[in-house]
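Comments concern the structure below.
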Amino acid sequence: MGIVNAGQLAVYEDIPPDLLEHVEDIIFNRRPDATERMVEFAATVRGAGKRREVDLAWRDAPVEQRLSHALVHGIVDHIEADVEEARLKLARPLDVIEGP
């Protein structure tokens, strides 16, 4: 168990399949050559980092889905406005916490 910043963690489903296979091979000790394969794979993706573009398409969804997305991806930029919108929309403030 550990304390982490959810905003810095990748969502499992968002990890590229080829990278995920190499990582799982190491974690689950599925192959004797897993480390060597990971080193070879890492050499193919080495280079200048690319700038991450911010995709705000999720902001067009209903407030419940926006809150869920923000929680899963650790996004706090719009949380106060979304929580207030949800509080006004839902019947009870507790529904904001227990709902999305």
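The values are calculated or read from the model by the stated rules, or taken from the named source; none is laboratory data. Owing to the predicted nature of the structure, the values given are computational and were not obtained by experimental measurement. Neighbour counts are summed over all protein chains in view; Cβ atoms, including those assigned to glycine, are modelled from backbone coordinates with ideal geometry. Only protein heavy atoms, including side chains, enter the accessible area calculation; ligands, DNA and RNA are left aside. Shrake-Rupley method; radii C 1.70, N 1.55, O 1.52, S 1.80 Å.
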Exercise for the section: Return a yes/no flag: does the stretch 10-26 have any residue that is among the hydroxyl-bearing types (Ser, Thr, Tyr), open to solvent by 80 Å² or more (accessible area, probe 1.4 Å) and under 21 Å from PRO100 (Cα atoms). Expected result: yes
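Per-residue answers, yes or no, for (1) modelled with pLDDT of 90 or more; (2) part of a loop (DSSP other than H, G, I, E, B):
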{"position": "LEU19", "(1), (2)": "yes, no"}
{"position": "GLU24", "(1), (2)": "yes, no"}
{"position": "ASN29", "(1), (2)": "yes, yes"}
{"position": "PRO32", "(1), (2)": "yes, yes"}
{"position": "GLU36", "(1), (2)": "yes, no"}
{"position": "VAL39", "(1), (2)": "yes, no"}
{"position": "GLU53", "(1), (2)": "no, yes"}
{"position": "ARG66", "(1), (2)": "yes, no"}
{"position": "ILE75", "(1), (2)": "no, yes"}
Fill in the blank from the handout: The condition of being in contact with a Leu (Cβ under 6 Å, 6 or more places away or on another chain), farther than 19 Å from ASP14 by Cα, open to solvent by less than 50 Å² (accessible area, probe 1.4 Å) and not polar (S, T, N, Q) holds, among ASP82, ASP95, only for ASP82
Problem - Filtered residues of the stretch 49-66 (kept if within 22 Å of ILE15 (Cα to Cα), open to solvent by less than 100 Å² (accessible area, probe 1.4 Å) and either of a type outside the set (D, E, K, R) or more than 21 Å from the chain's Cα centre (by Cα) (or both)) - result: GLY49, LEU56, ALA57, TRP58
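Specify the residue that is nearest to ASN5 (Cα to Cα); the eligible residues are those in the stretch 41-51 that are part of a loop (DSSP other than H, G, I, E, B) and among the small types (Gly, Ala, Ser).
Of everything passing the filter in the stretch 41-51, GLY49 is nearest to ASN5 (Cα to Cα).
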Exercise for the section: Consider ASP95 carefully, then state whether it is part of a helix (DSSP H, G or I) and over 25 Å from VAL4 (Cα atoms). Expected result: yes
Problem - Cross-chain or 6+ apart pairs with Cβ under 6 Å, the stretch 73-100 first and basic (Lys, Arg), then in a helix (DSSP H, G or I) - result: ARG87/PRO93; ARG87/VAL96
